[in-house]
Amino acid sequence: MKFNITVNDSWLEPFLPVIRRRHEKSLLKELEFTGRQQRLSDVFNNHLYFGLHRTEDGNWVFREWAPNAVAIYLIGESNEWQKRENFRLSPIGQGVWEVKIPGEEMWHGMNYKLWIEWEGGCGERIPAYADRVVQDDISKIFTTQVWAPERPYCWKHRSLKRCSHPLIYEAHVGMSMENRRVSTFNEFRAYVLPRIAGLGYNMIQLMGIQEHPYYGSFGYQVSNFYAVSSRFGTPDDLKCLVDEAHAYGIGVIMDLVHSHAVRNELEGLSCLAGDYNQYFYKGEKGEHQLWNSRCFDYGKDEVLGFLLSNCKYWADEFHFDGFRFDGITSMLYWDHGLGRDFTEYKFYYDGDQDEDAITYLTLANKVIHEVNPAAITIAEDMSGMPGLAMSAEEGGIGFDFRMSMGVPDYWIKLIKEKKDEEWHVGDMFYELTNKRVEEHTISYAESHDQAMVGDKTIFFRLVDKEIYTGMSVFDHNVVIDRGIALHKMIRLLTIATAGDGYLNFMGNEFGHPEWIDFPREGNHWSYEHARRQWSLADDSNLRFRFLNAFDAAMLGIVKRVNFFESLPEPLVRDNERQILVFRRGEYTFVFNFSPVHSYSDYMFDAAPGKYVAVLDTDNVRFNGFGRIDEQQEHFTLYREGRHLLSLYIPARTAFVLRLQEERK
């Protein structure tokens, strides 16, 4: 079998046997599940079988997979948290336990847990398929809660059509308000969602949705994979948020964590029924030493059923428009990709990869796209494994997009290590456009990763302590001038060279100050840095609002028809003068990264015709110096067989021209 993965990259030819084997392994696993009798997505309904469910006669049935258990009881408010025979589960085969409960013994909002006994031990546990888990304010103990409202949520708006070019607003609900506390879904819906719509983003990526015991983990230490984090509100509150986003024409994708699980035993899956390896690999393979978490055993059918049903659950139940799979580098490699430089293709195919995890990711993409053909999936992978964002039929794993993780790394390294005069525009263009042409990508200058404690956002890195004293519109501060100018240029260059989409983290569009630091013992459980100070962007006396306005104007350019359909075509890479010019469709992007040199009558080859300015970082609306006359029309000159465009390009400025009339 010949795969398209090698069409644009002949260097992959020697590894075709491995690529073919992985493809066949996923096909065989799919066939094993479906028997060619049904769709893969129709097989995985674990969430409709396991856990607590009402029966047609108004009673209840509860089921749990716990092959290592010798006895299981459902304990809760209805039986005074005591073991009762009428709440004792019975084994029904293949490690599954079941109990049927009269209707009056369980009710909406009732708290319960499992009491599980095994050889040599016993203890309270949260059910693996719990869809509602709450934490007591005083004891901080987590319990399962019956979620069965009399009136299920009624969806008002249809899910959206497929978004071919996502402009993603990455957001964390809990830190989305200015108050020093955990914010809610309803607050986000009322106060933040309109801001996102006003800026022009067409997709929101919600982080920390799955329940996690430690708030400071940013949601990446998941304990309850089917439960909406109760810190932010109820499942219906989340549905209402997604529903209203759809009313704005904004899709919502979920940051899905299937790469590992919290090692907590009382709240999570680790040692659920006295078996440390029920859901996870045995020995060192089951431990992520850096993250202090557990690693799923993707070779077990029961684990595949748990995770694949989880994908279907979130798509079906909450109408998510897609998923960003977090940390899949950790899944792809037995060493989790730690301490390894992926400088040669052999590192993707040398046997140190978890091919069961690759099979899982391939099947997950198929399930998601069967459930919702309009859904998008995004891979977060640091290793650069080829084929992630190609279909399985082409020799890939099936994601729609992959994150361009090298772009933010490049910007941070450049800002930290190079003087402004040393910024090499040729390197810039190469680093920002060096993508696999056969795979769709999402570019970004920074995400939440670059803002975590111990690091700095781009704007904070550019202006540092001056952010506290120099942001008044009544003051003149050269450090702030530089920071504002470069912040706009960096973001414009990132989105202008993006492959197929763009991402921004909440608040970074207006240069949110400082870092992100969730409440923890080390900061005396403070919420000071786990919030967003929108008032800074709303204050007309502060300069943050200009960056916010530029972000909206920038998105307005790229949202025009067919922007992403053509690739950036370089016209000028003048490293000596630090001038970069490239064309993308009908737009020409002009950058002057020189901090001191402006150039008059700078000439370069261009398509013949009339050009007009459509965006200018130096516009006074964006806190620039207004050095460019945007009303001026630019006509190409014809000299010695060449069509030339002559421009005035001020120092530390970027602008966009649109070819309005093309000359034949």
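The values are calculated or read from the model by the stated rules, or taken from the named source; none is laboratory data. Keep in mind it's a predicted model, so treat the numbers as computed, not measured. Every residue, glycine as well, gets a Cβ built from its backbone with ideal geometry; the counts of neighbours run over all protein chains shown. Side chains are part of the model used for accessible areas, which takes the heavy atoms of the whole protein and leaves out ligands, DNA and RNA. Shrake-Rupley method; radii C 1.70, N 1.55, O 1.52, S 1.80 Å.
Tabulated data
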item: Length gained when the stretch ASP350-ASN292 is fully extended (0.36 nm per residue, less Cα-Cα span); result: 18.2 nm
item: Computed label-point distance, nm, for sites ARG158 and GLU393 using a 7 Å Cα→Cβ extension; result: 2.5 nm
item: Rough spin-label spacing in nm, given labels placed 7 Å along Cα→Cβ, for ARG88 and MET603; result: 9.5 nm
item: Theoretical FRET efficiency, 1/(1+(r/R0)^6), r = Cβ-Cβ of LEU27 and PHE342, R0 30 Å, to 0.05; result: 0.65
item: The chain, relative contact order [Cα under 8 Å, separation at least 6], %; result: 11 percent
item: Viscosity 0.890 mPa s, temperature 25 °C, Stokes-Einstein D of segment 569-664 from Kirkwood C-alpha radius, µm²/s; result: 182 µm²/s
item: Added length on full extension, which subtracts the Cα-Cα distance from 0.36 nm per residue, LYS610 to GLU284; result: 110.9 nm
item: Rounded accessible area of MET110 (nearest 10 Å², 1.4 Å probe); result: 0 Å²
item: Loop-located GluC sites (Glu not before Pro) in segment 1-77, at most 13 other Cβ atoms within 10 Å (DSSP); result: GLU56
item: Förster radius 56 Å - calculated FRET efficiency between GLN631 and TYR49 (Cβ-Cβ, nearest 0.05); result: 0.25
item: Label point 7 Å beyond Cα of ASN59 along Cβ direction - residues of segment 92-124 with amide nitrogen under 19 Å; result: 92-93, 97-108
item: Burial ranking of peptide ranges 179-187, 115-123 (average Cβ count within 10 Å, highest at the top); result: 179-187, 115-123
item: Estimated 222 nm signal from helices in the chain, with DSSP H stretches of n ≥ 4 weighted -39500 (n - 2.57), rounded to 500; result: -7000 deg cm²/dmol
item: Between helix 355-371 and the chain: long-axis angle, C-alpha atoms, 0 to 90°, nearest 10; result: 80 degrees
item: Calculated on alpha-carbon atoms, Rg and Dmax of segment 1-66 in Å; result: 20.3, 62
item: Violating pairs (Cα-Cα greater than 27 angstrom) within the set LYS140/LYS456; LYS83/LYS239; LYS161/LYS366; LYS161/LYS559; result: LYS140/LYS456; LYS83/LYS239
item: In range of the label at ASP574: residues from segment 419-438 whose backbone nitrogen is under 19 Å from the point 7 Å along Cα→Cβ; result: 420-430
item: Protection-proxy order for peptides 389-401, 415-427, 487-499, each taking the mean of Cβ atoms within 10 Å per residue, highest first; result: 487-499, 389-401, 415-427
item: Label-to-label distance, nm, for residues given as TYR214 and ARG482 (7 Å Cα→Cβ offset); result: 3.8 nm
item: Cα-only Debye scattering, segment 392-524: base-10 log of I(q)/I(0) at q = 0.14 Å⁻¹; result: -0.71
item: Loop-located trypsin sites (Lys or Arg not before Pro) in segment 30-64 whose Cβ has at most 15 other Cβ within 10 Å (DSSP); result: ARG36, ARG39
item: Order by protection proxy (mean Cβ within 10 Å, highest first), peptides 222-233, 587-598; result: 222-233, 587-598
item: Eligible aspartates and glutamates near LYS419 by straight Cα distance, threshold 15 Å, same-chain separation 8 or greater; result: ASP427, GLU576
item: DSSP-assigned coil residues among trypsin sites (Lys or Arg not before Pro) in segment 305-413, each with at most 16 further Cβ atoms within 10 Å; result: ARG340
item: Contact order relative to length of segment 428-555, as percent, for alpha carbon pairs under 8 angstrom and 6 or more apart; result: 31 percent
item: Convex hull volume per residue in cubic angstrom - Cα atoms of the chain; result: 175 Å³
item: Mean-position separation - Cα centroids, segment 423-483 and segment 108-128, in angstrom; result: 48 Å
item: Summed residue charge, Cβ within 14 Å of ASP326's Cβ, Lys/Arg positive, Asp/Glu negative; result: -3
